[in-house]
1. Leu699 versus (1) out of contact with any Ser or Thr (no Cβ under 9 Å at 6 or more places or on another chain); (2) in contact (Cβ under 8 Å) with a residue 12 or more places away in the chain; (3) under 16 Å from Thr607 (Cβ atoms): which is the lone unmet condition?
2. Mind telling me which of the residues Arg152, Arg171 ends up being of a type outside the set (Gly, Ala, Ser), under 33 Å from the mean Cα position of the chain (by Cα) and open to solvent by 10 Å² or more (accessible area, probe 1.4 Å)?
3. Anything in region 195-214 that is within 14 Å of Asn157 (Cα to Cα), open to solvent by 50 Å² or more (accessible area, probe 1.4 Å) and not acidic (Asp, Glu)? List them, or say none.
4. Tell me, please, whether a residue that is surrounded by 16 or more Cβ atoms within 10 Å (Cβ to Cβ), at pLDDT 85 or above and assigned to a loop (DSSP other than H, G, I, E, B) can be found in region 36-50.
5. Considering each of Val161, Val125 in turn, give the residue that is closer than 23 Å to Val107 by Cα and either among the aliphatic types (A, V, I, L, M) or free of Cβ contacts under 8 Å to residues at least 12 places away in the same chain (or both).
6. Within region 201-216, does at least one residue satisfy the condition of being within 22 Å of Gln118 (Cβ to Cβ) and among the basic types (Lys, Arg)?
7. Can you find a residue that is in contact with a helix residue (DSSP H, G or I) (Cβ under 7 Å, 6 or more places away or on another chain), of a type in the set (S, T, N, Q), more than 23 Å from Ile545 (Cα to Cα) and buried (at least 22 other Cβ atoms within 10 Å of the Cβ) anywhere in region 626-633?
8. Just to be sure, is Glu458 modelled with pLDDT under 85, open to solvent by 80 Å² or more (accessible area, probe 1.4 Å) and of a type in the set (Asp, Glu)?
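The values are calculated or read from the model by the stated rules, or taken from the named source; none is laboratory data. No experiment lies behind these values; they were computed from the predicted model shown. Cβ atoms come from the backbone with ideal geometry, glycine included; neighbour counts cover every protein chain shown. Just so you know, the surface numbers come from the protein's heavy atoms only, side chains and all, with ligands and any DNA or RNA stripped out. Shrake-Rupley method; radii C 1.70, N 1.55, O 1.52, S 1.80 Å.
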Amino acid sequence: MAYVEDHEIENMESSRVTFDFKGFLFKALNLWKFVLLCIGVALIVAYLINVRKQNVYKLDSLISIENDQNPFFTANTSISFNWGGVSGKVGKIITAIKTRSHNEKVVDSLKFYMSYLQEGKYRKVDIYKRAPFEFSPDLTKFQALNRPIGIRFLDDNEFEVFTNFEGSGVRTQKYSDKSLSNAKVPTGPYSKKFKNGDEVNLPFINGVLNVKPNLRVKPGSEYFIEFKNFDIVVNNYKERIIINPFSEASSVLRLQLAGNNKAKIVDFLNATSDILSRTELERKNLYATNTIRFIDSTLQAVDLSLKDVTDEMNEFRKKNKVFDVTAEIAQISSQLRGYDLAKEEEQAKLNYLNNLETYLNTKTDYTKIAAPTSVGIEEGNILNSVSKIIALAAERQNLEYTTKEGSVLFKDIDNQIDSEKNVLLETIDATKRTIGIQLNTINRNIANLEAKLTDLPEDQQEFLKIQRKLDISQEAYDVYQEKRSEAAIVKAANISDITVIDEAKDIGGGLIGPNKSLNYMMAVMMGFFVPMFLIFVIFLLDNTIHGSDEIEQLSKIPILGLIGKYNYKNNLIVFEKPKSAVAESFRSIRSSLQFIYKKMGKTEGKTLMITSSVSGEGKTFCSINISTVYALSGKKTILLGLDLRKPKIFGDFNIDNDKGVVNYLIGENTFEDVKYQSHIENLDIVPSGPVPPNPSELLMSDQMKLLIAKLRQEYDMIVLDTPPLGLVTDALELTQYADATIFMVRLDYTKKGMLALINAKYRTGEVKNISFVLNFYKHKTNHNYGYGYGYGYGYGYGYGVYGNAYHERDNDTIFKRIGRFFKRI
């Protein structure tokens, strides 16, 4: 019962997945040169990136948004317009700067679709204002896009346009209307000479080149002009420009822009502020501009009327004699003129209201409404309603730049406009009725006064009528002139609500990239972590045994000894190189075996079975050299080749494999016929013989049992070279004859899973006195720590470290030394 519980516990332990962090750490330390090499390569890559990357600069400017009131604004000159206070204006300015229309104006004004370039070390560099010449493109003609056009100066007065076209067509753009087209160009190299100031008229470039005053160009110097797609350039700046409040709830805005050329950044930021200020002033003057336009159109009609009446008066004076009217008639005439002027004013108001009503009912753009005060309307409700409608219409126009049509914001503003418009239309109706009543009263008064003049002669009545019309026309003309002057003064006195506090300027600094230190830091991190990750993956996927520490984790079977790697022409290292470190390892294994045999208390010959998991792990090599160390110590030893499927041991002793154990077991030959005495004293060899069809049955036969019993009587040590335990069952049949068993493990070759079978046999007791011997051991402190390190140091390569006087070593060539160096890496 206790055995079953122990077995279950061992199975649970073996199935538990654990990560050998210590092993991974030593694996990484073993590859430190590889990690260091990766870091070096990464740093070189970072350096190459840093020297090839262009510097990136960021500059800024500050603008202030204020609600500056016109100094000429009064209750009687309500022509300027308030756009909704500072807070709302800040949001509109932020929106306007990110609009496409604004950035189109800036790019167009600066001609940033054209670049001046010069060949640099790694790329063509934008020289902008540092170019010694200026090219004025013909905006009405097409320019080739995305293709640097070379300018080579031949002398002070002559230059050459050169380029090389791979195809016969290029994409072009005309910057006057931003239209795109395709142009045919000459294929291959092309050049043409021009004089400074001459018009360049080619299919791919059109304009005039002038050298800047007081500058001389070096003959042979080359520059380039490149045109970009206007829309792409605008979108690029639109995405890059940054605008934010300078502080929370502040009316000061910070404009920021990053780029490779500081002069371009400065010009773009300052042009942005300037165009923004002018655009805002134009919007602020919109009310006054509309009023002036309305008054100008009215003045034109009044001026024509005044000329007609003046001509009529002159014609009357020519035909009739000049006469004076009585004081009473003059008084009546003066009263009539007053009523006529009042009638004219009321009629002008009525005409304005009729036009406004028609405009509101038929138009959708309400930003072009003239001021009611231009015709003398002082009704507060009308003034407020018109002001609100224009404000809402302007706000809707701003939303069109940033908001998709159909948004709820548009619906909300449209509802407000409709509501205010309905109120205004009702007010207009009421005002029109009031004006109609006033006009009726004025007309009655005029009729009463005209009745008093009916007794005058006809020529005097005619004179008074013409004089009245002349006075009315002159008075109306003077009134409109006064109103226009008032509106012009208001417009001229208006100042933009946008003020530049701190304009953009290159005062040095502003460098934000590339962050070379960060690049080097990232290179070090990548150079370290990438190889470490690769090592980690390889470590996880690696199921090969590399050291004694791994065996201790995978199995409870003890380690008997370690055998170092030794390149030699055959397997007889112990006999032919007795002073080598490997020979000393086999002597240490012999000593450990003697301890095992002593505990058994046997007096007859001892058997030692040597097996492994698969072929190629050094089983035959170990069998030959273990037999040799026992024979050299005076023990009568025999080596049996029981690997009947793949015989090997005969080759190193210069004997053939025609006869062997197989022949004896099938009764074909006597044992003396298949036994060979080697050239090593006290060592006899029995090869396997020809490969039989039934090796397992032969090894299970009674003849095999009798053979082992006989050999125990005749020899001190019987070494059994058996087949791999992990491939065939032959070795399991021979465990019954083995007093001790050596299971060979070749480091960096044997798979960890191969130990599962021998562990199972060991737990069930099918094999006894079994031990591991590690072959191809390499003495590295970071490969085998703990037991493996100590054991390997003492019995593996350890003696070689103490001095070469005791151990032999082949003469190394320079190539062997170089090979060992790279293997250690």
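1. Answer for Leu699: the failing condition is (1).
2. Numbers: Arg152 fails: under 33 Å from the mean Cα position of the chain (by Cα).
Result: Arg171 is the single residue among Arg152, Arg171 that is of a type outside the set (Gly, Ala, Ser), under 33 Å from the mean Cα position of the chain (by Cα) and open to solvent by 10 Å² or more (accessible area, probe 1.4 Å).
3. Keep residues of region 195-214 that are within 14 Å of Asn157 (Cα to Cα), which gives 195-199, 208-214.
Checking the rest, the ones that are also open to solvent by 50 Å² or more (accessible area, probe 1.4 Å) come to 195, 198-199, 210, 212-214.
Selection gives Lys195, Asn210, Lys212, Pro213, Asn214.
4. Checking region 36-50: not a single residue is surrounded by 16 or more Cβ atoms within 10 Å (Cβ to Cβ), at pLDDT 85 or above and assigned to a loop (DSSP other than H, G, I, E, B).
5. Working: Val161 fails: closer than 23 Å to Val107 by Cα.
Of the residues listed, the single one that is closer than 23 Å to Val107 by Cα and either among the aliphatic types (A, V, I, L, M) or free of Cβ contacts under 8 Å to residues at least 12 places away in the same chain (or both) is Val125.
6. Among the residues of region 201-216, at least one is within 22 Å of Gln118 (Cβ to Cβ) and among the basic types (Lys, Arg), which makes the answer yes.
7. Scanning region 626-633 turns up at least one residue that is in contact with a helix residue (DSSP H, G or I) (Cβ under 7 Å, 6 or more places away or on another chain), of a type in the set (S, T, N, Q), more than 23 Å from Ile545 (Cα to Cα) and buried (at least 22 other Cβ atoms within 10 Å of the Cβ).
8. Working: modelled with pLDDT under 85: yes; open to solvent by 80 Å² or more (accessible area, probe 1.4 Å): yes; of a type in the set (Asp, Glu): yes.
So Glu458 fits the description; yes.
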